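Input: a single structure, listed below in structure tokens.
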Amino acid sequence: MTNEIVQSAANIPAALSKEKLLEFLKISGVAQKLNDEEKIQFVEIAQAYGLNPFKREIYCNTYGEGQYRQTSIITGYEVYIKRAERTGKLNGWTVDVDGEGDDMKATITIYRKDWDKPFKYVAFLPECIQYSKKTGKPNAIWAKMPRFMLRKVAIAQGFRLCFSDELGGMPYTADELPQEEKSENKAKAAKAETVEAAVVEEIYELPADVLQALSQAQTRAQLKATIYDVIHALGDAYKATLNDYYRKHAGALPEA
């Protein structure tokens, strides 16, 4: 599979060894869910693009059973930005979200030093939004923060198209792939574990949509659920800010 991937060798970090990547699958609890072919696929993609799962640059999800079982190899949208910056050709970028409801759209404008005109890409909400298979309605994170989620999709798709030589063929982000909703008990356990996990060093300003969703929580359980959804959507980069928000606001809320 590695030989089938066309990728510029420039600016690709050194790949982890096969043993190290398999170790990640084991300690993350994913290995037992994957067959040998899927493990090999994960290893080869990670090595081909120099993606480090220990930094959450690549990970793997499985859902469904039998003929409906699916496995997705996923990367974070921030990886696209980092790789574009490493080329030395990125000269800034902006994202604007306009409209409401089905008319909502996110427009990303990317400036390259080697291009005379900026690159623009538009993502439309009806084409990107994810729905729950159980209810037929937008899933929890899209229902709470559609503008934020649409912005992330525009970033991922825009950078992948603008820097196709460097990013073409890399795994999609979680926001671009359909996901099975977790059972209530598993979701609660995962939320609690995520919120209580060690914070990262970086602290970022939270988007307005995220702050609005957090402020709407009426109980600690609802606040934890919202924080879990944001971390799942955004990755570990915002974990410090979210943990700090929880510590400051959870005490004023009833448990359930």
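What follows is calculated from the coordinates using simple rules that are stated; it is not laboratory data. Treat the numbers as computed from the prediction; the structure is a model and nothing was measured. A quick note on method: Cβ atoms are made from the backbone with ideal geometry, for glycine too, and the neighbour counts reach across all protein chains shown.
General remarks:
- For region 46-101, the square roots of the Cα gyration tensor eigenvalues, ordered a ≥ b ≥ c, give a/c of at least 1.5 with a/b no greater than b/c, which places it in the oblate category.
- Here the gap between Thr107 and Asn35, fully extended at 0.36 nm per residue and compared with their Cα-Cα distance, gives a gain of 22.0 nm.
- Rough spin-label spacing in nm, given labels placed 7 Å along Cα→Cβ, for Phe119 and Ala252: 4.4
- Computed from the C-beta positions of Lys82 and Ser132 and an R0 of 22 Å, the FRET efficiency is 0.10 to the nearest 0.05.
- Contour minus Cα-Cα distance for Phe54 and Ala14 (0.36 nm per residue): 13.0 nm
- Ratio Rg/Rh, restricted to region 7-139 and using Cα atoms, in which Rh is the Kirkwood radius: 1.04
- Cβ crowding within 10 Å averaged over residues, with 43-49, 155-161, 125-131 ranked highest first: 155-161, 43-49, 125-131
- Pair Asn61, Gln218: separation of 7 Å Cα→Cβ label points (nm): 2.8
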